[in-house]
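Beneath this line is the structure, given in structure tokens, with notes to follow.
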Amino acid sequence: MTVHNLPTEQGGTLVERVMQAIRKRIAGRSLAPGAKLPSIRGFAETMQVSKSTVVEAYDRLSAEGIIQSRRGAGFYVAGHPIPLSLAEIGPRLDRAVDPLWVSRQSLEAGDHVLKPGCGWLPASWMPDAGIRRALRTLARADQATLTDYGTPLGLPGLRQLLSRRLAAHGIEAPAGQIMLTESGTQAIDLICRFLLEPGDTVLVDDPCYFNFHAMLRAHRAKVVSVPYRPNGPDIDLFAQALSEHRPRLYITNSAIHNPTGAVLSPVTAHRLLKLTDLHDLTIIEDDIFADFEREPAPRLAAFDGLQRVIHIGSFSKTLSAAVRCGFIAARGDWIDGLADLKIATTFGGAPFSAELVFNMLRDGSYRKHLDALRERLARAMGETTLRLKALGLTPWIEPRAGMLLWCSLPEGLDAAEIAKRALADNVVLAPGNAFSLSQSAQGFLRFNVSQCQDQRVFSVLEKAMG
């Protein structure tokens, strides 16, 4: 590591200190658009650093488009600055609570914002040491792995490993019936592109994962919801919806349901599949929470043999949301069509991410991470449940595993209003109607117990409820 890239006592490297000094001058208008920057020699003396440090700082600022290099004339401030909008600095308090509300607030939030309403684990709970180790291994891979497109189906070794993992849940899916995707979301998007035409009807649970609503809206589908019970969808109302609306697809979670944390019962699963056969319905089984389970729950794909059920998953929740890697397990002829669609929309796969996940899954560290994670989640579930009950919130069920807790508010309180008040105090909550197509969950909030470890979550919630 060169000297100008070493951390300084003031924080940041010498190069970063020089860059920040230039940014401050531009922001303060002492360097206006089009103004010439100090010479490399002069600014090195001012900052008491080497000329090579200033050269690297100027090169980086130029790469960011903040300054421009003019051959033989030095460096100049680029263009005109974008006017500062104070409205873009803070959270959007006026945004309507729709299917994208929680995602937008959570993804756009700064590090100072608490996110008990988001759907992922804190960074400190993720296996960063294992990821770094896998990255070092990947750095020694052959050149093609680091630079080429992936094959349409994805890394064979990872697909073979996924086949064995699915077999542990009773799902028979040879590697040829598995296609890697960049995420669970991309998997659903590809399946919807493959099977739906605009105007087709799709069934969802009520409540269900809010991004199902957003995704189906993007595909111009007609969405119909069926009430969800502690053991699965209400079968009688499900049968009625099939007769009345003749849906093309049904999207659900069977292992750990989002947002309720419920688990599909074997009886409900069998009745559901009988109705599926009778009405020519295809089911997308989203199983992204599978690795949180302590005891395996029934899988529709296992009962069905991947005839009418398409099984999807990813590693975003348990390994890394930054390493985009998911998969689809389906009938062989459907996988072939989905692979063509994948080429048409994204061309190649993501071999870098696939290799990284493959390295982590086969070295044993992932299994150890999951063992510790399940125990940690179990403790967090118990602690969060007690704290919420003390504030008057009632869990809909006590989940057997996972990180999601679906709670009802005291009578008369509106979750959307509480969420907006909490957002003003830098806490992102997940109001019930974001998950409900029928808008019948205004008295519910979904909590991520892993994101409820800070006492401020409960202080702000109590204030917002008051």
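List of remarks:
- Neighbourhood charge, 13 Å Cβ-Cβ cut-off, centred on Gly232 and excluding it, Lys, Arg +1 and Asp, Glu -1: -2
- Checking the cross-link pairs Lys317/Lys368; Lys389/Lys463; Lys24/Lys115; Lys389/Lys420; Lys420/Lys463; Lys115/Lys342 against a 23 Å limit on the alpha carbon distance flags Lys24/Lys115; Lys115/Lys342 as lying beyond it.
- Modelled FRET efficiency - R0 51 Å, Gln143 with Glu462, Cβ distances, 0.05 increments: 0.35
- Summarising the amide proton neighbourhood of Gly154: residues at separation of 5 or more, or on other chains, whose placed amide H is nearer than 5 Å comprise Leu180.
- Relative contact order, whole percent, for region 228-282 stands at 49, derived from Cα pairs under 8 Å and 6 or more residues apart.
- The sum of -39500 (n - 2.57) across all DSSP H runs of n ≥ 4, divided by the residue count of the chain, sets its helix-only mean residue ellipticity at 222 nm to -13000 deg cm²/dmol.
- Helix 51-63 and the longest principal axis of the Cα set of the chain meet at an angle near 40°.
- Highest-first arrangement of 249-257, 173-181, where packing means the average Cβ count within 10 Å: 249-257, 173-181
- Contact order normalised by residue count of region 157-254, Cα under 8 Å, 6+ apart, percent: 25
- The angle separating the long axis of helix 365-390 from the principal Cα axis of greatest extent in the chain is about 80 degrees.
- Here the Karplus relation 6.51 cos²θ - 1.76 cosθ + 1.60, evaluated at θ = phi - 60°, turns the backbone of region 417-431 into coupling constants of 5, 5, 4, 5, 5, 5, 4, 5, 9, 6, 10, 8, 9, 10, x Hz, with x for every Gly and Pro.
- Backbone N within region 411-425 under 16 Å of label point (7 Å from Gln442 Cα along the Cβ vector): 411-421
- Spacing of the two label points (7 Å from each Cα toward its C-beta) at Lys274 and Leu386, in nm: 4.4
- For the chain, the square roots a ≥ b ≥ c of the C-alpha gyration tensor eigenvalues yield an a/c of 1.5 or more together with a/b exceeding b/c, which makes the shape prolate.
- Accessible area per residue in Å² at 1.4 Å probe, computed on the chain: 47
- Only Cα pairs under 8 Å and 6+ residues apart enter the sum, and on that basis the relative contact order of the chain stands at 19 percent.
- Accessible carbon and sulfur surface of the chain relative to its total accessible area, %, 1.4 Å: 51
The values are calculated or read from the model by the stated rules, or taken from the named source; none is laboratory data. All figures in this text were calculated on a predicted structure; none of them were measured in a lab. With ideal geometry, Cβ positions are generated from the backbone for all residues, glycine too; neighbour counts draw on all protein chains shown. The accessibility values were calculated without ligands, DNA or RNA, using every heavy atom of the protein model including side chains. Shrake-Rupley method; radii C 1.70, N 1.55, O 1.52, S 1.80 Å.
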